[in-house]
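Remarks on the structure that follows.
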Amino acid sequence: MATTVRPRRSVLYMPGSNARALEKGRTLPADGLILDLEDAVAPDAKAEARATIKAAIAVGGYGGRELVVRTNGLNTPWGYDDLVMAATSGADAVLLPKVESPDMVRQAEAVLRANGSPDSQSIWCMMETPLGILNAREIAGASPKLGGLVLGTSDLAKDLHAAHTRDRLPMITSLGLCLLAARAYGLAVLDGVHLDLNDDEGFAQSCRQGRELGFDGKTLIHPKTIAACNAAYAPSADEVAVAHRIIAAHAEAAAQGKGVVLVDGKLVENLHVENARRLVALAEAIDALGQ
């Protein structure tokens, strides 16, 4: 599926078994919600959570928020039924946990398609194991139905025996491999969660680093972090203004038969114009959300 300029600055995990949380999600300013059937739901509550999520999506009221159902894996007792429900739930995407190979994507896709998943419903993959990271390129190219990669940095750090540091140097290789794979195949890519809700400075640093690396946004575990995340991943007013100047100056230069032009003392070529247009389109899409 082609990359879009749909805002994905903030994507909040919500427990699928908590009907009140799913109700609150209709009012939160997150760009997307991951309605979780996996980690956030106890084994004896999986079936009930499945029904709760299906009912919540059917009621609607989520506006422009992107709705994603995270299923259990097909190697669990619940994964198949999760996919069957998600296929016709009306969710924008289905998020598969612990993806380690392209075959895992194709198996899930086969179940989704066999149970009525529309072409518009994409598959997202959790990248949260060493093997998954090593196979990121193959996973990203597994299916035209694939829409995005989501970093599961908590599980990944555990498997790597890595420390959670503010600069996240222990994670840089994994983050970079997933970014490369996502961009090579035109996919969205979301950064992992920040676990310490009392560490506002660390959260802000993580958001800055994620945007600098090239992530589209960040997954979150608490509503209180949404506003800061949205601000960190949104183009600033100054950035949008510069982008407009780049587009206009390049168009004028092109009309005069020139391939390059100076804007604010910096050389501008076509590649800069493409990025400027993407940034302006993202800003417009954010405004259109009205959240």
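The values are calculated or read from the model by the stated rules, or taken from the named source; none is laboratory data. Just so it is clear, the model here is predicted, and its values are computed rather than measured. Virtual Cβ from ideal backbone geometry, glycine too; neighbours counted across all protein chains shown. To get the accessible areas, we keep the full protein, side chains included, count just its heavy atoms, and leave off ligands, DNA and RNA. Shrake-Rupley method; radii C 1.70, N 1.55, O 1.52, S 1.80 Å.
Okay, here's what the table says:
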read-out: Positions within region 221-272 being among the acidic types (Asp, Glu) and more than 18 Å from residue 5 (Cα to Cα), in sequence order; value: 238, 252, 264, 269
read-out: Top-ranked residue of region 151-185 - restricted to ones that are among the small types (Gly, Ala, Ser) and not in a helix (DSSP H, G or I), ranked as modelled with the lowest pLDDT; value: 163
read-out: Residues being open to solvent by 20 Å² or more (accessible area, probe 1.4 Å), within 21 Å of residue 51 (Cβ to Cβ) and either free of Cβ contacts under 8 Å to residues at least 24 places away in the same chain or assigned to a strand (DSSP E or B) (or both) - total across region 83-113; value: 0
read-out: Top-ranked residue of region 49-63 - restricted to ones that are over 18 Å from residue 124 (Cβ atoms) and in a loop (DSSP other than H, G, I, E, B), ranked as nearest to the chain's Cα centre (by Cα); value: 63
read-out: Test: residue in region 40-53 that is under 25 Å from residue 285 (Cβ atoms) and either among the acidic types (Asp, Glu) or open to solvent by 60 Å² or more (accessible area, probe 1.4 Å) (or both); value: no
read-out: Count of residues meeting criterion [part of a helix (DSSP H, G or I), buried (at least 17 other Cβ atoms within 10 Å of the Cβ) and not β-branched (Val, Ile, Thr)] in region 203-235; value: 11
read-out: Some residue of region 236-245 being assigned to a strand (DSSP E or B) and either touching a strand residue (DSSP E or B) at 6+ places or on another chain (Cβ under 9 Å) or under 28 Å from residue 92 (Cα atoms) (or both); value: no
read-out: Region 114-150 - residue that is of a type in the set (Val, Ile, Thr) and either touching a helix residue (DSSP H, G or I) at 6+ places or on another chain (Cβ under 8 Å) or not in a strand (DSSP E or B) (or both) and, of those, surrounded by the fewest Cβ atoms within 10 Å (Cβ to Cβ); value: 129
